[in-house]
1. Being within 16 Å of the ligand (Cβ to nearest atom) and hydroxyl-bearing (Ser, Thr, Tyr) is the filter here, so list the residues in the stretch 32-85 that pass it.
2. Of the numbered conditions (1) without any contact (Cβ under 8 Å) to a residue 60 or more places away in the chain; (2) not in a strand (DSSP E or B), GLU36 fails exactly one; give the number of that condition.
3. With the condition being within 14 Å of the ligand (Cβ to nearest atom) and within 22 Å of ASP137 (Cβ to Cβ), I'd like the helices (runs of 4 or more DSSP H) fully within the stretch 300-387 carrying at least 3 qualifying residues.
4. Restricting attention to the stretch 156-192, and to residues there that are of a type in the set (D, E, K, R) and in contact (Cβ under 8 Å) with a residue 24 or more places away in the chain, which single residue is nearest to ILE233 (Cα to Cα)?
5. Hey, can you tell me all the residues within the stretch 75-84 that are in contact (Cβ under 8 Å) with a residue 60 or more places away in the chain and either surrounded by fewer than 20 Cβ atoms within 10 Å (Cβ to Cβ) or touching a Pro at 6+ places or on another chain (Cβ under 7 Å) (or both)?
6. Out of HIS346, HIS366, HIS406, which single residue is over 30 Å from ASN293 (Cβ atoms) and under 23 Å from the mean Cα position of the chain (by Cα)?
7. Condition (residue is over 20 Å from PRO31 (Cβ atoms), of a type in the set (Lys, Arg), surrounded by fewer than 24 Cβ atoms within 10 Å (Cβ to Cβ) and over 15 Å from the mean Cα position of the chain (by Cα)) applied to the stretch 102-114: is it met by at least one residue?
8. Name the one entry in ASP108, ASP16 that is within 24 Å of ARG122 (Cα to Cα) and either at pLDDT below 95 or away from the ligand (no atom under 16 Å from the Cβ) (or both).
Amino acid sequence: MSLIEMNKKYLRSAADKINLDPNLLKILERPMRVLEVSIPLVKDNGEVEVFTGYRCQYNDARGPTKGGVRYHPNVTKDEIITLAALMTWKCALVDLPYGGAKGGIICDPTKLSEKELERLTRRYTVEIIHLLGPHIDIPAPDVFTTSKNMAWIMDTFSMMKGYTEPSIVTGKPEVLGGSKGRKEATGRGVAIVTRELFKALNKNLRGAKVAVQGFGNVGSHAALFLSQMGAKIVAVSDITGALVNEDGFSAQELIGCVEKYGCLEGYNKGKKIPRDELLYLDVDVLIPAALENQIHSENAGKIKAKIIIEGANAPTTPEANELLSKKGIYVVPDILANSGGVIVSHLEWVQALSGLYWEEEEVIKHLEKKLVKSFKEVWKKSKEFNVSLREASYIVALQRIAEVYHYRGIFP
Ligand code: GLU
């Protein structure tokens, strides 16, 4: 099943449960706007390479569109549309005044120099600038983009407009109006929803065994906060391989290794295992925090974890989702599990718009409150409709979007 079909499947199934107006479903099944751009880049050696980029604004009924920009060789238009749809459901689910968007460039950022990345980012920004604005569409980091890319987007937008506009992106450096706690927010959110699920199931998180697939910004911070909550990080992986340590890793040390060497390869305190094996370990919690389609119909049957927390977007295919559901595995879906990032992005936007900046404790307090409330709503909905946490999440999101359409109507 393609990603586009996956989105429609989850949407239709939730729409069916709440008897959504079929006319509204017709609107929500399609993206509002998709832009494809060519991005010429003068490489450091003088050669010109032309890249393809996208920005999709899926739906803006609830507010300006919001979502990250990813740099990856496997970016496709359909992937960007689907991820923009996920942002729409995610923002509605956690009740942010935003619609959903996503952008991306088909490129391998590891093969570009810093200067090339800067020129690529600045030219991409100019190519999509007529779609951007603090009240139109606000980009953020995603796979292989960081606060540095956001600084270039912010500067390019500001230079083109002739004034400094900090609220045009989120996830930017703090000196440019970024928020305290934004970098850690997605991983912190993953840990918070894990804790809430354990509470709801009357289980003890202390000593629970956790495997984390992907040790980028999301996976590493999820590991850090979960270990602070008493869980044991027994397995981690990144593109260079996977490591197991039954006694539990020090997340702090692993992060230190990645900061120093750029990957987990240099770390020598665990046993090396084949990368895919991490998914099949006998652990309590599995956190896919890498890319899409990691858990699919061929490998879902081998998963032993009883709880899956989707740190990445769309890491589970719909076929696998059904298999896991039948096995009684709890899956906290991406749109809830990784919503901590966009929750703090919203706080960053509010701070930048108002020019009033908050202490980290305040940011964390807001994030906690929003996530705990959203988790409880989803949990309650799942009981009310007797559905999985994914379906319940889509139901909460759709009900919220439907309510907005009820008042706004369909223009003209
Ligand atoms: N890229 C992140 C996501 O998928 C964050 C988006 C944002 O903060 O706007 O949720």
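1. Listed by number, the residues that qualify are TYR54, TYR58, THR65, TYR71, THR82.
2. Only one criterion is unmet by GLU36, namely (2).
3. 340-354
4. In this case the residue turns out to be ARG188.
5. Once the filter is applied, which keeps residues that are in contact (Cβ under 8 Å) with a residue 60 or more places away in the chain and either surrounded by fewer than 20 Cβ atoms within 10 Å (Cβ to Cβ) or touching a Pro at 6+ places or on another chain (Cβ under 7 Å) (or both), the stretch 75-84 yields ASP78, ILE81.
6. HIS366
7. Yes, there is a match, as at least one residue in the stretch 102-114 is over 20 Å from PRO31 (Cβ atoms), of a type in the set (Lys, Arg), surrounded by fewer than 24 Cβ atoms within 10 Å (Cβ to Cβ) and over 15 Å from the mean Cα position of the chain (by Cα).
8. Residue meeting the stated conditions: ASP108.
The values are calculated or read from the model by the stated rules, or taken from the named source; none is laboratory data. From a predicted model like this one, the values you see are computed outputs, not experimental measurements. Here the Cβ is made from the backbone with ideal geometry for all residues, glycine too, and neighbour counts use every protein chain on show.
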